[in-house]
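Taking it in order: structure first as structure tokens, then the write-up.
The values are calculated or read from the model by the stated rules, or taken from the named source; none is laboratory data. Worth saying up front: this structure is predicted, and the values here are computed from it rather than measured. Ideal geometry is used to build each Cβ from the backbone, glycine not excepted, and the neighbour counts take in all protein chains shown. What goes into the accessible areas is simple: the full protein's heavy atoms, side chains included, and nothing from ligands, DNA or RNA. Shrake-Rupley method; radii C 1.70, N 1.55, O 1.52, S 1.80 Å.
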Amino acid sequence: MPSQKFITNSVEETIQAGKAFAETLSPGDVVCLHGDLGAGKTHFTKGISTFFGVDEHEVNSPTFVLIQEYSGDIPVYHFDAYRIESENEAKALGTQEYFYGEGVCIIEWPEKMGTLIPDYAIHVTIEKTGESSRMIKVENTP
């Protein structure tokens, strides 16, 4: 997959960028979202999820649940590893089983999962460039 870059100036545009990016995804893909708190990772996830037929209002940050499963045209698995303390904790949650399933996995704070992240994962960095503007970079490697 070639690298992509999106510039957004609102929450709505970040969601639309997620939809545009989702057109390149297939079942079995793992997407790692990098960015500070409040960067727009969950809004980008809303765009990806709605592309696959998930109701936008179902998608929220799974910070306290760790993994949200959304039913759409294909399953979307939304991980928030922010509160995970170790790679072993992530492994104990069965995260790897999701990576090799029939859905698309989206992981916020993937660095907390260490070597569990598959080599084929797609890495997306979301950077705040202003109060509501973002630069979103998509790459195959972190």
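See the values below:
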{"read-out": "In the range 41-138, the GluC sites (Glu not before Pro) that fall in loop regions by DSSP, at most 10 other Cβ within 10 Å", "value": "85, 102, 131"}
{"read-out": "J(HN,Hα) series, the range 90-106, from Karplus relation 6.51 cos²θ - 1.76 cosθ + 1.60, nearest Hz, glycine and proline x", "value": "5, 5, 4, 6, x, 4, 5, 4, 5, 4, 10, x, 9, x, 9, 9, 10"}
{"read-out": "Residue-by-residue Karplus 3J(HN,Hα) for the range 47-52, coefficients 6.51, -1.76, 1.60, Hz, glycine and proline x", "value": "x, 4, 5, 5, 4, 8"}
{"read-out": "Lysine pairs meeting the criterion (Cα under 21 Å, 8 or more apart or interchain), as found in the chain", "value": "17"}
{"read-out": "Net charge dipole size for the chain [Lys, Arg +1 and Asp, Glu -1 on Cβ; Debye, nearest 20]", "value": "320 debye"}
{"read-out": "Accessible area (Å², per residue) of the chain, counting only protein heavy atoms and a probe of 1.4 Å", "value": "50 Å²"}
{"read-out": "For the range 73-119, fraction of C-alpha pairs farther apart than 17 Å, in %", "value": "25 percent"}
{"read-out": "Under DSSP loop assignment and at most 16 Cβ neighbours within 10 Å, longest chymotrypsin sites (Phe, Trp or Tyr not before Pro)-free interval of the chain", "value": "1-63"}
{"read-out": "Shape call, the chain: gyration tensor on alpha carbons, a/c limit 1.5", "value": "rounded"}
{"read-out": "Extension gain (nm, one decimal) between residue 11 and residue 140, 0.36 nm per residue minus Cα-Cα", "value": "44.0 nm"}
{"read-out": "Most to least accessible of 45, 24, 129 (protein chains only, probe 1.4 Å)", "value": "129, 24, 45"}
{"read-out": "Selected from 28, 90, 6, residue furthest toward positive end of dipole (the chain; charges at beta carbon)", "value": "6"}
{"read-out": "With every protein chain in place, the chain: carbon and sulfur % of accessible area (1.4 Å)", "value": "47 percent"}
{"read-out": "Rounded to 5, percent antiparallel among DSSP beta bridges of the range 36-126", "value": "45 percent"}
